[in-house]
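Enquirer: Below: one structure in structure tokens.
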Amino acid sequence: MAERSRPTLVFETIGMALGLAGVVALTGVILTSFGAQATTLATVAALVPLAGVLVAVRWIDRWEYEPKSMLILALVWGAGVAAFSSYLLNTAIVGAISTGADPFRDMMIGSALVAPVVEETTKGLVLLLILLLRPRAIDGVVDGIVYAALSAAGFAFTENILYFARYSDTLVGTFVARALMSPFAHVSFTMMIGITIGIAARHRNRWAWTWLFPLGLTLAITLHALWNYSTFSGRWTLLYWALQVPIFAVLAFVVVWLRREEAKMIRRRSLEYARAGWLTEREAHMLGSFQERNRAAAWARSIGRHEAMKDMKRTATRLAYNRERAASGRAKPLDHAEQTRLLQELTAQRTAIYGTPALT
């Protein structure tokens with residue numbers, strides 16, 4: 001994990017503070033509008049889809065866990081900054097363009113046109129900030145998806161509290177529609193931004209984000225608008241099964257495929273270190289397979305060296321990502337220094353496991 005610079009620490013601190021302030025402010029609005037009982041019940045209900053998304057994110061991010069501070073930042077940004085600013089902007093914009101002559105039309109415009117633009121912009125902004133202010137936290141598309149999913153999950157959590165409290169008299173139906181039938185809706189939209197930000201992070205051109213971020217944002221807005229429109233169209237059930245479910249299935253397939261490609265990359269780069277004498281070929285293959293990693297962990301646990309094995313796997317994985325950045329022409333001076341440090345740590349960790357740094 002790259003050390004945090006002072007600007008990075010300032011960015012994380014301010015981002016988290018703004019996120020928590022947004023959560024408190026929006027919670028205050030919900031409490032004032034619907035009361036403590038409805039708000040409490042809504043919060044408990046909103047935890048269910050949030051937990052499901054967090055489990056999925058943990059699975060996606062399993063190869064190399066992202067810095068906890070950045071994960072928390074993305075989550076609280078979505079829950080606070082994106083949710084509260086979207087609440088204010090949506091209310092202000094819809095109020096400004098509303099004529100009052102046709103409430104249904106005003107609601108349709110607000111939901112299908114205004115909300116997607118505002119919400120995807122505020123959710124996606126944190127990904128752009130991470131890319132620009134802590135670029136080494138995003139190694140590729142999988143990392144972009146992880147941060148996008150967390151920002152979207154935080155947003156959906158706060159929004160669900162609002163909806164569940166507002167429609168507490170029909171909570172069961174609202175819960176089924178939002179928490180069971182579409183827990184990954186917001187995640188699916190914002191994933192478009194995560195994918196393009198991940199591509200920008202791997203691009204040789206440092207300015208690639210200037211066209212890739214708007215592209216991802218446009219795709220996210222389009223999916224979001226289509227989803228919101230379907231709820232007003234009178235054909236929601238048809239569009240849900242014929243369009244939304246297939247879209248989600250495709251995105252799920254993309255995530256699984258990306259994880260497999262990540263495994264191949266880790267194995268390929270680890271084999272390069274094996275050929276250079278830093279790892280054995282067996283260790284390199286182990287690093288690219290969760291099954292083999294678990295076997296290695298079980299063996300190390302049986303001889304009381306589980307922690308050393310865990311540290312070694314983490315260090316070797318970081319070396320693989322570091323090597324991938326170098327091979328793709330994205331290496332920075334810090335990456336070269338980090339490789340030296342990681343190789344020293346790897347040697348010490350292998351000594352702790354085997355009793356000798358020599359390859360066996």
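The values are calculated or read from the model by the stated rules, or taken from the named source; none is laboratory data. Everything quoted here is computed from the prediction, not taken from an experiment. Reconstructed Cβ throughout: ideal geometry from the backbone, glycine too, with neighbour counts over all protein chains shown.
Enquirer: Consider the range 86-133. How many of its residues are of a type in the set (V, I, T) and surrounded by 17 or more Cβ atoms within 10 Å (Cβ to Cβ)?
Expert: So the answer is 9.
Enquirer: I60 - would you say it is surrounded by fewer than 17 Cβ atoms within 10 Å (Cβ to Cβ) and not polar (S, T, N, Q)?
Expert: no
Enquirer: Determine whether the range 138-145 contains at least one residue that is assigned by TED's automatic domain parsing to the domain that holds S188 and without any contact (Cβ under 8 Å) to a residue 60 or more places away in the chain.
Expert: Among the residues of the range 138-145, at least one is assigned by TED's automatic domain parsing to the domain that holds S188 and without any contact (Cβ under 8 Å) to a residue 60 or more places away in the chain, which makes the answer yes.
Enquirer: Please tell me if W236 is buried (at least 20 other Cβ atoms within 10 Å of the Cβ) and either farther than 24 Å from A56 by Cβ or among the aromatic types (F, W, Y) (or both).
Expert: When the stated conditions are applied, W236 does not pass them.
Enquirer: Is there any pair with a first residue in the range 219-241 that is assigned by TED's automatic domain parsing to the domain that holds A185 and in contact (Cβ under 8 Å) with a residue 40 or more places away in the chain and a second that is of a type in the set (D, E, K, R) and in a helix (DSSP H, G or I) whose Cβ atoms are under 6 Å apart and which are 6 or more apart or on different chains, and what are they?
Expert: A220/E120; I221/E120; H224/E120
Enquirer: Looking at I195, is it more than 12 Å from the chain's Cα centre (by Cα) and either in contact (Cβ under 8 Å) with a residue 24 or more places away in the chain or crowded, with 23+ Cβ neighbours inside 10 Å (or both)?
Expert: No: the conditions fail for I195.
Enquirer: Of the residues that make up the range 35-47, is at least one among the aliphatic types (A, V, I, L, M), within 18 Å of the chain's Cα centre (by Cα) and surrounded by 17 or more Cβ atoms within 10 Å (Cβ to Cβ)?
Expert: For the range 35-47, residues among the aliphatic types (A, V, I, L, M), within 18 Å of the chain's Cα centre (by Cα) and surrounded by 17 or more Cβ atoms within 10 Å (Cβ to Cβ): absent.
Enquirer: Hey, another quick one. Please go through the range 1-38 and pick out each residue that is touching a Phe, Trp or Tyr at 6+ places or on another chain (Cβ under 9 Å) and more than 30 Å from L132 (Cα to Cα).
Expert: Residues satisfying the conditions are V29, A38.
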